[in-house]
Each structure stands twice: as structure tokens, then as C-alpha cells.
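Each remark here refers to the structure printed beneath this line.
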Amino acid sequence: MILCIGTNMTEAHPVASYYIKQAVRNGACLIVADPRKHRLVDYAEMFAQIKVGSDIAFLNGLMHVLITEDLYDKDFVANNCTDFDSLKETVLKYPPEKAAEISGVSADQIRAIARKLASVKPGMVCYTLGITEHTCGTNNVMSVANLQMLLGNMGMECGGVNPLRGQNNVQGACDMGALPNVYHGYQKVIDPAAKEKFEKAWGVTGLSDKNGLMMPDMMAGLVSKKIRALWIFGENLANTEPDIHHVEHQLESADFLVVQDIFQNETTRFADVILPAAAWCEKDGTFTSSERRVSRVRKVKEAPGEARQDWWIFKQIAKEFGHNWESDSAQEIWDNEVSKWAPSLGGIKYSRIEQDGLQWPCPTTEHPGTSFLHKDGKFTHGKGVFKAIEWTPPAEVEDAEYPFVLSTGRRLSQYHTRTQTGRAGMDAIFKEETADISIADAQRMGIAHGEVIRVKSRRGEVQVPARVTEEVPAGMVWMTFHYREGNANWLTNTAADTITKTSEYKACAVRIEKI
């Protein structure tokens, strides 16, 4: 049993989608919930075409059926979870009829999907940015976890909550502490013991015991001058952040901007210094996948010109500040620093990941790694905590002036801002941005497939060809951020989740006009 919600896996995660399709061919049941009828739906036994931003109402509707029809895993809930009564009280406010009114999925289909989910075990849930890139993104994830705990699909192989990351090695970046609230291995910055540990390991004093800033706060700080300098590496912010006009103002406001990347791009235009970095195939190191598997990456060619590996660049800058970092290779960094100072990674050494890698937690060199978490429902922090979640609409909804909802995503033939795929011949497959609209809206407005139209929000406008498709429901426009011209982020909203500060890329109000 596989439930995919908020994920266009066929295009955004084509390798993972291959395994989903193979599972279906081998008899697995696939249920897809998404605003668009994308290619993965072709393999689904059931498809719920939910309205943008209605995930919590839809999930609460499913849980209402599971509880009122006595279909949930009572033993798992009783033995491994807390706060069920609070969840139940909230979920009972969302009978299928109310969930249908909000989500656009019929009450009968909500009941059928809930019953189907309860009939097969184990069942896994996969989601992508369609769940997280909302002002309620954290609550969306909590709701998915609620559903899986209610079904008892935690702590077993082929179960669980499975976030498919937005880019390769996002998991590894988070594991390495590329977050403002943790050291590597998810050791909390606010923990005095962690602070003392890393001061001793690094031979320094005065490490902060307060969480750092998230990226939107950093960008805002450039304008207020709370932050005077910014160092960006491996990210093309001038194309990927919402409301590009605003982002460019923030980048222009920096007193000193360093950009470290493998090619010049829209963000390097604002840089005072550009540091040329090596690409993934030009360096040794590790990647960590969504399943927490740490795998080797091996250099296949030398980096061109003055391009250098990221760690080497950081080490040289540190030397200018008077620090002599001892490790002098990716292996030394991992074996002598990363695994040494993170308990969950302690047993992962280069000598052990020559073949298929290891999955953390792996605390000792004798440990085989952990293929799945929370075995037998024994959660790492104790009992699983149900969170009662109320549905909230997107920050900006369609109205008379802007009657369409814009949602954004990715296309198979391009990758992010085309820093790489734009140089690799992929434009021959998909060469420019389009505005995907429904057949019904195109007919109503007299718009022909391929006709250039204007898409406008409260923040900006673009002119792009219309792609008339049955994938998109009436009242919705779908675009990507792959291209500078026609980039959806000229239009998107900076409203963000209050916890993660992730922007609401998946929902803003727009209008479309014939030119």
C-alpha cells in the first residue's frame, strides 16, 4: 500500500517513481492525492484530486472515517501513542462532507480511500514539496504523521512517513548541521552539553547557545543592515526564492556578497567575490539519501581551472582567520570529525561504505545500520504524540481581481534553475516556461494551446505560452522556476510557514490575460 500525496514523483523524483511503478506492477495498491492529474496517476488505483492547500482537511476527513468506523489500529495507538483524545476531538469536526467541501474530493471517495488504507498493512506515505511548501507546511507533515500512527504503519519495513527531498543530498546537508538550530548529527545548539562538547572538539570558546537565523531572516537582515555580509554556496537565490524583485533588492543591499558555485548564474551577478567550486563528479565525499543511507561519491575527473572542492575553500578561508584545520581530505573529515563527534554516525567509516553504504543511526563500527526507524512502534523519543491540527487556507487565495490559484513545481527534462541542464542540451526537450491551464479555462477565455498569455500576481507578471492540458483542473495555473524568463518566482508569495520559514510556493493568487 502506497499513498503519494503532494508529489509529482514521475517528474521530480523519476528514479524513486520507477520503484513505485514496479511495486504497482507486482500487485501493490497506489493511491495518489494531488491537485494535478500528473503521470503517476496513470498507475493509481484511486486518485483524489484535492484543491491546492486543502491537505489537512482531506487528511482529517480520512481520519474521521477511520475513527468513526472503528478502522484504526487500536492496539498500536493504545500502546505506542499519546494524545489520541485530542486528535479525535479535532478530527470529528471534519466529517467527509465537510472535508469534501474544503478539499473538492467527494465524501464517498474520502470514505473509500480511508477504508482502502485500513485494509492493507504495511502502508507507506510518500510526500514532497506539495506538502511542505505551504504556510501550514509543518502542520501538513504533522497530519501525515497522525494518519500513519493512527493506521499503525510506523516502525516497520515499507511503512512510515517518507519525505522525498527536494534535491540530491538535502538529507546529507541537514545531517551535517546545515540548519540554524543543530550541529551535525542533530545535536541541538541550545544544549549546553553539545556546546561544551564542540568547544572542546574545535579548540574554541564562546560558541553561541542560541539558534541561528533561517534564510528568510538572513535575507531581510541584508536590507536592515543587521547582516552586513552573506556567503552563498551552491544555491541560485535570485531565481529560486519567491518574489524575485524583492530578492534582488535584498541581494543588492548586501555590503559584501560571496558566491561559491560551479557556474556563473543569476545570483553571481550580485557577488563581490566569486569562488569557483568543483562539481559533484570532480570531488570525493559522501551523499546521504532520503532513507538515511550514507554512500560514497568518487571523483571521476579533475576540476577545471581554479575550481576547488568546497571543503578546501572553507579550509583556506579559516586559515586566514588563524585556524589550522587538520583534516586534509574528504575521508579525513568524515572519519576524524563527522563520525567521531556525532553518536548516530559513529559507526560509519569510509572503510565500511565502499559498497552499498550504511544507514544511520549506526553508533558503533559493529552496528549494521538501521534500515527503518521506530521498530515495533518504539519511537526514539518515547511514545508517538498525536497533534490535533485544524485546517487553515493559504495566505493568499483567489478573488475577483486574481481569480486563479498558481502552484509551482518541476519538469522532468530540466533541473532547478538550469545552471546544469541548461548547458547540457535539455532545452531541446523543453525550451521555455509555459503556463499550464485547464481545457475548460482555455475554452472559456478563448486561449489556444501555445498562445502567449500574461500571468500576473500582486508582485509581478510574466508573458509565457499557454500549455492547455487535462493535467490541471479549472481555476488553477501551474508553472516552474526553471527559466529566468517566465520564472514563476516573479509571481510567488513570500508568506511562509511560521516554524520552518519555508515559503508558500504552492499557492498564490494570479490572473491570466490574453495579449
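Since every read-out is calculated from the coordinates, none of them should be taken as a lab result. These figures come from a predicted structure and were not determined experimentally. Note that we place each Cβ from the backbone using ideal geometry, even for glycine, and neighbour counts take in every protein chain shown.
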For 257-266, 292-301, ranked highest to lowest by mean beta-carbon neighbours within 10 Å, the order is 257-266, 292-301
Excluding residues fewer than 8 positions from Lys315 in its own chain, the aspartates and glutamates with Cα under 15 Å of it are Glu326, Asp328, Glu332, Glu337
The simple spin-label model distance between Glu101 and Arg444, using points 7 Å out along Cα→Cβ, in nm, is 2.2
For Thr365, the net charge from surrounding residues (Cβ-Cβ under 10 Å; K, R +1; D, E -1) works out to +1
Output ordering of 402-408, 415-421 (per-residue mean of other Cβ within 10 Å, highest first) is 402-408, 415-421
Residues other than Ile102 with Cβ under 15 Å of its Cβ, Lys/Arg counted +1 and Asp/Glu -1, net out at -2
Out of Pro242, Gly346, Asn265 - ranked by how far each Cα lies towards the positive end of the dipole of the chain, with unit charges on the beta-carbon of charged residues - the top one is Gly346
Amide H proximity to Leu358 below 5 Å, modelled H, separation 5+ or other chain, gives Val294
So, over other residues within a Cβ distance under 13 Å of Thr82, counting Lys, Arg +1 and Asp, Glu -1, the net charge is +1
Most packed first (mean Cβ within 10 Å per residue), the peptides 128-134, 382-388 order as 128-134, 382-388
Hits in region 389-415: amide N under 19 Å from the 7 Å Cα→Cβ extension of Gln167, namely 408-415
Under the helix-only model (-39500 (n - 2.57) for each DSSP H run of 4 or more, divided by the residues of the chain), the mean residue ellipticity at 222 nm, to 500 deg cm²/dmol, is -8000 deg cm²/dmol
With R₀ set to 51 angstrom, the calculated FRET efficiency between the beta-carbons of Phe256 and Lys121, to the nearest 0.05, is 0.35
Stretched fully, the stretch from His381 through Tyr186 gains (0.36 nm per residue minus C-alpha distance, one decimal, in nm) 68.9 nm
Straight-line reach check, Lys383, cutoff 20 Å on alpha carbons, 8 or more apart in-chain or any other chain, hits among aspartates and glutamates -> Asp73, Asp75, Asp83, Asp85, Glu89, Glu157
Region 201-218 scanned against label point 7 Å out from Glu326 along Cα→C-beta; backbone N under 12 Å for 201-203
Within region 259-275, the residues whose backbone N lies under 11 Å from a label point placed 7 Å from the Cα of Gln316 along the Cα-to-Cβ direction are 275
